[in-house]
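First comes the structure, then the notes that go with it.
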Amino acid sequence: MKSTSQKVSIIEKIGYSLGDLAANLIFQTLMTFIAFFYTDVFKIPPASASIIIFVGGMIGASFNPFMGAIADRTVTRWGKFRPWILWTSIPFGIIALLTFTTPNFGPQGKLIYAFITYIFLVLIYSANNLPYAALSGVMTGDMSERNSISSFRFVAVMVAQFIVQALLLPLVLIFGNGDKTVGFEKVMTIFAITGVIFFIITFLTTKERIIPKPEQKSSLKQDIKDLSKNKPWIAMLFLTILVFITLSLKGGMYVYYFENYLDKAQLAAFLQNIGFNNFIDGLNTMLTRIGLVGFVWPKDAATSGFSLFNGGGIIMMILGISFSKKLADKFGKRDVFVVGLLLSTIFLFAFLFFSKGSIILVFISQLFHGFFYGLTIPLLWAMIADVADYSEMKNNRRATGIIFSAMIFGLKAGLSIGGALVAGILAFFGYNQQLAVQSESTIQGIKLSVSVFPTITFLLAASCLFFYEINKKKEIEIEKVLGSRRLKAQPVSKKKAVAEEVIG
């Protein structure tokens with residue numbers, strides 16, 4: 001296997017991370033708002049929305065193994081994975097905008113339109129994000145550098161998550177002048193244009209350094225056979241599905257939790273007491289003075305509370321991410337992931353016991369949950385890159401794309417199942433978007449969906465790591481074995497240059 005320097009510059013790390021910021025402007029919107037958009041904006045019945053999200057998402061998820069095989073067999077002067085980021089950038093932006101557009105169709109027409117656009121969005125997401133994810137596995141073979149790349153990448157993810165979860169709903173109301181239909185279209189137009197630009201920057205600034213030798217080529221049948229024997233890959237597949245079921249379920253249900261469960265008067269008093277309302281008044285005044293008269297933050301307590309709740313959690317996640325690399329370098333990715341996931345689960349389960357007026361406890365629990373979950377965020381993708389190395393060590397063949405297909409399949413399957421559960425649970429417990437006050441049964445379903453249900457899936461995810469054998473000791477072994485192989489495969493002049501770089 002050919003290899004050049006394993007060090008990655010700050011510019012390249014930032015350029016790579018912008019690709020995830022771009023993708024997550026769309027992905028986080030799907031994870032947090034797709035059920036809400038379908039039920040409360042596009043006016044699709046919850047049960048129908050559940051079917052669209054699940055069936056459409058699983059069709060897209062099933063495409064991942066094929067996309068992984070295609071990416072692994074792509075040969076261009078730009079590499080295997082970088083070209084896909086470029087080729088899919090504009091189609092991704094167009095279909096994302098269409099998915100959140102609301103044409104004036106009848107009930108059947110709405111269902112067909114939503115189903116088709118959702119399928120195309122998850123398909124193009126696979127064609128874009130699977131090669132993007134796999135790219136991190138071939139930018140460097142240095143596992144410490146990989147941890148660093150992941151940390152950069154997931155700071156960008158958190159920026160996108162903050163924009164979507166803390167600001168999207170207010171921006172929708174601002175740009176739409178109170179009309180969510182118009183607002184979603186305008187905001188998604190901005191997201192689409194920004195995403196296309198960032199994808200192109202990622203393509204231009206990154207480099208593939210780990211290039212398989214021609215003799216390492218294998219058939220799709222052989223790749224699948226190798227995967228079936230790869231226990232860490234299987235463990236990560238199920239872990240990813242369960243993690244994204246959890247994120248999609250609780251993330252998609254929080255907007256209903258704030259709109260329908262928490263006491264709005266006490267929430268408004270909380271926002272006033274902590275100075276949030278004064279801050280917003282100052283912000284509105286400043287925007288008005290500079291001529292942005294239409295940019296006035298909505299006065300709805302539920303919208304503000306929801307934004308602050310998500311924003312605070314995301315800031316704590318970023319803080320958790322900042323500790324992740326050091327802890328992973330010392331204790332190994334697997335062990336840090338398990339501990340972080342278990343601790344974050346405790347604060348999810350606590351939501352079961354909060355009353356409508358427990359506003360302070362709701363926010364405190366979110367902060368602690370965000371910090372401990374943040375420890376795990378960069379590790380998920382870095383662990384998949386380690387699985388690709390593990391497979392190469394065992395089989396002397398590298399199949400980065402199809403291995404990363406587990407992550408994207410799990411991500412999309414989890415997104416689809418979790419999003420479908422949001423709409424399905426709402427339908428099961430009798431949610432009616434036309435009602436100002438939901439029934440007690442509906443409220444109970446919402447509470448369970450942000451506490452008990454995600455606790456179960458997170459605990460199951462943690463249990464998967466008992467079958468993931470790549471601990472800190474194994475990481476060091478893999479890096480040494482592959483480093484030795486790659487050095488032997490290089491010309492004498494290259495070996496000398498690498499040796500001088502290591503000594504220097």
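Seen against the Cα atoms of the chain and their longest principal axis, helix 143-162 is set at about 20 degrees. Against the chain, whose longest principal axis comes from its Cα atoms, helix 276-289 is set at around 90 degrees.
Backbone phi angles across segment 56-71, fed through the Karplus curve with coefficients 6.51, -1.76 and 1.60 (θ = phi - 60°), yield HN-Hα couplings of x, x, 6, 4, x, 5, 5, 6, 4, x, 5, 5, x, 5, 5, 5 Hz in residue order; Gly and Pro are listed as x. Work out the FRET efficiency for Leu167 and Lys299 from their Cβ-Cβ distance, taking R0 = 22 Å, and round it to the nearest 0.05. Working from the Cβ atoms, E equals 0.85.
Could you state the number of Å between the C-alpha centres of segment 441-462 and segment 5-39? Cα centres, segment 5-39 to segment 441-462: 26 Å.
By how many nm would the segment from Met286 to Ile197 grow when fully extended, if each residue of separation counts as 0.36 nm and the alpha-carbon distance is taken off? Please list the in-between numbers first.
Details: separation 89, 0.36 × 89 = 32.04 nm, distance 2.93 nm.
Computed gain between Met286 and Ile197 is 29.1 nm.
For segment 121-169, rounded, prolate or oblate, judged on the Cα gyration tensor with a ≥ b ≥ c (square roots of eigenvalues), a/c < 1.5 rounded, else prolate if a/b > b/c? It is oblate, given that a/c is not under 1.5 and a/b is not larger than b/c.
In nm, what is the difference between 0.36 nm times the number of residues separating Leu342 and Ile364 and their Cα-Cα distance? Don't skip to the answer; put the middle values down first.
Numbers: separation 22, 0.36 × 22 = 7.92 nm, distance 1.73 nm.
Using 0.36 nm per residue and subtracting the Cα-Cα distance, I get 6.2 nm.
As a rough guide to protection, the peptides 269-280, 366-377 ranked by mean Cβ packing within 10 Å, highest first, stand as 366-377, 269-280. The length gained on full extension between Leu459 and Lys326, counted as 0.36 nm times the residue separation minus their Cα-Cα distance, comes to 45.4 nm. A Förster radius of 35 Å combined with the Cβ-Cβ distance from Asn278 to Asn104 puts the calculated FRET efficiency at roughly 0.25. Which shape class, rounded, prolate or oblate, goes with segment 71-174 when its Cα gyration tensor gives a ≥ b ≥ c as root eigenvalues, a/c under 1.5 marks rounded, and past that a/b bigger than b/c marks prolate? Judged from the Cα gyration tensor, segment 71-174 comes out oblate (a/c at least 1.5, b/c at or above a/b). Nearest 10 degrees, 0 to 90: what angle lies between the long axis of helix 377-395 and the longest principal axis of the chain (Cα atoms)? The two axes meet at around 30 degrees. Among the listed pairs Lys326/Lys394; Lys330/Lys474; Lys231/Lys326; Lys231/Lys473; Lys325/Lys394; Lys186/Lys250, those whose Cα-Cα separation exceeds 23 Å are Lys326/Lys394; Lys231/Lys326; Lys325/Lys394; Lys186/Lys250. Of the residues Arg485, Arg146, Arg77, the one with the fewest other Cβ atoms within 10 Å heads the list, and the complete ranking is Arg77, Arg485, Arg146.
With contacts defined as alpha carbon pairs under 8 Å and 6 or more residues apart, what's the relative contact order of the chain in percent?
Values: 825 pairs, mean separation 141.6, N = 504.
This gives 28 percent for the chain.
Remark: spin-label model distance Lys473-Lys488 equals 2.4 nm, labels positioned 7 Å along the Cα→Cβ axis.
Taken one residue at a time, the phi angles of segment 312-318 give Karplus couplings (6.51, -1.76, 1.60, θ = phi - 60°) of x, x, 5, 4, 5, 5, 4 Hz. Gly and Pro are set to x. A cut-off of 5 Å between modelled amide H atoms, ignoring neighbours fewer than 5 places along the same chain, links Ile211 with Lys2. For segment 306-436, the square roots a ≥ b ≥ c of the C-alpha gyration tensor eigenvalues yield an a/c of 1.5 or more together with a/b not exceeding b/c, which makes the shape oblate.
Between Lys229 and Ala265, the modelled label-to-label distance comes to 6.9 nm, taking each label 7 Å out from Cα in the direction of the beta carbon.
The numbers here are math on the coordinates, done by the rules we state, and not lab data. Given the structure is predicted, the values throughout are model-derived calculations rather than measurements. Counting neighbours? That spans all protein chains shown, and the Cβs are built from the backbone with ideal geometry, glycine included.
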